[in-house]
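Reviewing the structure listed below.
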Amino acid sequence: MTQQDLRLLFWDTNLEGFDPAAYPRYTIERVLEYGDEEAVAWMRRTFTEEQILDVLRTDRKLTRLSANFWALLFNVPVEEVRALRNDL
């Protein structure tokens with residue numbers, strides 16, 4: 001990803017010296033919530049499917065819309081997705 005692509009996803013982060021791979025949960029969360037096709041392709045090349053699914057299952061910050069979309073795409077049951085559970 002280019003510096004401009006990163007800036008669109010991490011607008012509130014000082015990108016000088018920022019290594020997205022060093023912060024997998026934060027990076028994956030941002031891509032799942034705000035990323036476009038290019039960002040998702042980059043995420044899938046950069047992180048394992050296990051890492052991505054772990055964020056999808058445990059992250060509370062994803063919107064219900066994003067969480068539901070990714071749960072369907074990755075075939076993860078809704079009850080396993082923290083952002084979609086009612087017991088938050």
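The values are calculated or read from the model by the stated rules, or taken from the named source; none is laboratory data. Nothing here was measured: the structure is a model prediction, and the numbers come from that model. Don't worry about glycine lacking a Cβ; one is built from the backbone with ideal geometry, like all the others, and counts go over all protein chains shown.
Of all the listed residues (15, 62, 72), the sole one being in a helix (DSSP H, G or I) and of a type in the set (A, V, I, L, M) is 72. Tallying residues that are surrounded by 20 or more Cβ atoms within 10 Å (Cβ to Cβ) and either among the basic types (Lys, Arg) or free of Cβ contacts under 8 Å to residues at least 12 places away in the same chain (or both) within the stretch 18-75 yields 1.
Scanning the stretch 1-59 for residues that are over 21 Å from residue 80 (Cβ atoms) and touching a Gly at 6+ places or on another chain (Cβ under 7 Å) turns up just one, 9. On the basis of being at pLDDT 95 or above and closer than 16 Å to residue 62 by Cβ, does residue 25 make the cut? The answer is yes for residue 25.
Which residues, taken from the stretch 33-54, are assigned to a helix (DSSP H, G or I) and either touching a strand residue (DSSP E or B) at 6+ places or on another chain (Cβ under 8 Å) or more than 22 Å from residue 14 (Cβ to Cβ) (or both)?
Within the stretch 33-54, 37, 38, 40, 41, 44, 45, 49, 50, 51, 52, 53, 54 qualify.
Tell me, yes or no, whether the stretch 77-86 has at least one residue that is part of a helix (DSSP H, G or I), within 12 Å of the chain's Cα centre (by Cα) and surrounded by 13 or more Cβ atoms within 10 Å (Cβ to Cβ). No, the stretch 77-86 contains no residue that is part of a helix (DSSP H, G or I), within 12 Å of the chain's Cα centre (by Cα) and surrounded by 13 or more Cβ atoms within 10 Å (Cβ to Cβ).
Please state which one of 22, 41 is over 13 Å from the mean Cα position of the chain (by Cα) and within 23 Å of residue 6 (Cβ to Cβ). Testing whether each residue is over 13 Å from the mean Cα position of the chain (by Cα) and within 23 Å of residue 6 (Cβ to Cβ) leaves just 22.
Within the stretch 76-88, the only residue that satisfies the criterion of being touching a residue at least 24 places away in the same chain (Cβ under 8 Å) and over 19 Å from residue 34 (Cβ atoms) is 88. Scanning the stretch 73-88 for residues that are at pLDDT below 95 and of a type in the set (Val, Ile, Thr) returns a single hit, 78.
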